[in-house]
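Every number here is computed from the coordinates shown, using simple stated rules; none is lab data. These numbers come from a predicted model, not from an experiment. Cβ placement follows ideal geometry from the backbone for every residue including glycine, while neighbour counts extend to all protein chains displayed.
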Amino acid sequence: MSTSPIVSVCVASHNHARFLPAMLDGILGQTFRDFEIIVVDDGSTDNSLEVLQSYAHRNPEIMRVYTHPGAHNLGISATVNLGFEKSRGKYWCPHASDDVSYPDRLERQAAFLESHPDVGWVYGIADLIDDNGAPLDGQFGSDLSSCTDLVEHFVWENPIAGPTTMIRRDCVLRIGPFDEAVLYSDWEYWFRLAAHYSPAFIPGSVAKYRHHGRNTSLEVPWEEQLGRLFQVMKAVRQKADSTGGLLGRPRTKAQLDFRKANLCFEIGDFESGGHALRSMFESDPTLRLNPKPMAQWLCRKPDRRLALAVVREFGSPPWWAANMSFVSTLLHIFFYRPLRRHMKGSLARARLNLANL
């Protein structure tokens, strides 16, 4: 193995002692051999550290284990960032402590990056497994090869499974660390990464994503989910100009403002939603002349109250009535889509979560 390995597999570990052997065996059994394993334990209270140190003792040439100062629990983003700081590889693979990589994952992804120097990062599909490693129906991740604008696609969903990615070290150094103030920090990170570097999709599943009751992003109550989504959009929008690239475009910033407005209206915070809509028109003034993009955005997240607020922002006379795409969208929302209703308790909790961000 070379002094500086080709690939650094960096694992963020927290209270996953029962899953660690399968995860580590999956990495150690890779067909590609020029790699290192960097594990950072995030203040686990089970016997995770004992398991990790046992593996490191048996594989001292390729595996190192770290903790935060005082073995404190600082969260997944700080843990991922420390793992990268301790790594040396040309390519970086962030890896969850409860997921499992297929044996040829590193070989396939490293080979692609080696033969495509113009590609900054790669990703793939993860098969779902349960607590015991048994396969589940479905997969995590999507082939976005045909997507014409990946950055704007991220405004509406996160189709990238973090444990399937491999990223050039130079790209990571330019983009900067994960945002430790954001819970869905991988989603926020993909925005910044895709703003400058287009990814490539590796066909065929490359990992197994474990679905259990302690996943960071699964089984989250609706009102908490809204708060986390708003947190991502807020952080990305605040960094849009400093990040630059595709994220610095007026239309993209306006779309982020619209998404923030949508989330505000979802929980009944109409005042904040109105502010976000006004910010949208400031981000891209051309939207006042052409409402077609907003028709597309409203189709993604139909909401009568939001649609009314958009119309009010246009003011009189209703010049937008000449745009058939926009009018058709309004007709669909007002006459064919039922108005979503949520329990008052859920709305109150969601407003509180949003106010605390």
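Here are the numbers for the structure shown:
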{"quantity": "Packing-based order for 224-232, 47-55, using average beta carbon neighbours within 10 Å, highest first", "calculated": "224-232, 47-55"}
{"quantity": "Paramagnetic label zone (point 7 Å from Cα along Cα-to-C-beta, Ser145; backbone N under 19 Å) in segment 83-117", "calculated": "105-117"}
{"quantity": "Long-range amide H partners of Leu136 with built H, under 5 Å", "calculated": "Leu128, Ile129, Asp130"}
{"quantity": "The chain: angle of helix 222-243 to the longest principal axis, Cα-based, in degrees nearest 10", "calculated": "90 degrees"}
{"quantity": "Amide H contacts under 5 Å for Met63, placed H, 5+ residues apart", "calculated": "Ile37"}
{"quantity": "HN-Hα J in Hz across segment 80-87 - Karplus 6.51, -1.76, 1.60, θ = phi - 60°, x for Gly and Pro", "calculated": "4, 5, 5, x, 5, 4, 8, 8"}
{"quantity": "Between segment 66-121 and segment 230-283, the Cα center-to-center distance that results, in Å", "calculated": "30 Å"}
{"quantity": "Whichever lysines have a C-alpha closer than 28 Å to that of Lys208, once near sequence neighbours (fewer than 8 apart) are set aside", "calculated": "Lys86, Lys90"}
{"quantity": "Angle between the chain longest axis and helix 304-314 axis [Cα atoms, degrees, rounded to 10]", "calculated": "60 degrees"}
{"quantity": "Per-residue ³J(HN,Hα) for segment 160-165, Karplus 6.51 cos²θ - 1.76 cosθ + 1.60, θ = phi - 60°, Hz, x for Gly and Pro", "calculated": "9, 7, x, x, 9, 9"}
{"quantity": "Sequence-distant residues sharing a close amide H with Cys10 (under 5 Å, placed H)", "calculated": "Ile38, Cys93, His95"}
{"quantity": "Förster-model FRET efficiency, 45 Å R0, Thr3 and Ala322, C-beta, rounded to 0.05", "calculated": "0.10"}
{"quantity": "Cα-based helix-to-principal-axis angle, 324-335 vs the chain, degrees rounded to 10", "calculated": "90 degrees"}
{"quantity": "For Met63, Met166, order by how many other beta-carbon atoms lie within 10 Å, fewest first", "calculated": "Met63, Met166"}
{"quantity": "Three-way shape call for segment 7-210 based on the alpha-carbon gyration tensor, with the a/c threshold at 1.5", "calculated": "rounded"}
{"quantity": "Prolate/oblate/rounded call for segment 174-214, Cα gyration tensor, a/c under 1.5 rounded", "calculated": "oblate"}
{"quantity": "Whether segment 152-243 is rounded, prolate or oblate, judged on the alpha carbon gyration tensor where a/c under 1.5 counts as rounded", "calculated": "oblate"}
{"quantity": "Rounded to 5, percent antiparallel among DSSP beta bridges of the chain", "calculated": "25 percent"}
{"quantity": "Residue-wise HN-Hα coupling along segment 128-140, computed from phi with Karplus coefficients 6.51, -1.76, 1.60 (Hz; x: Gly, Pro)", "calculated": "7, 10, 9, 3, 8, x, 6, x, 10, 5, x, 9, 10"}
{"quantity": "19 Å Cα-Cα reach of Lys301 towards lysines, excluding residues that sit fewer than 8 places from it in its own chain", "calculated": "Lys234, Lys253, Lys260, Lys292"}
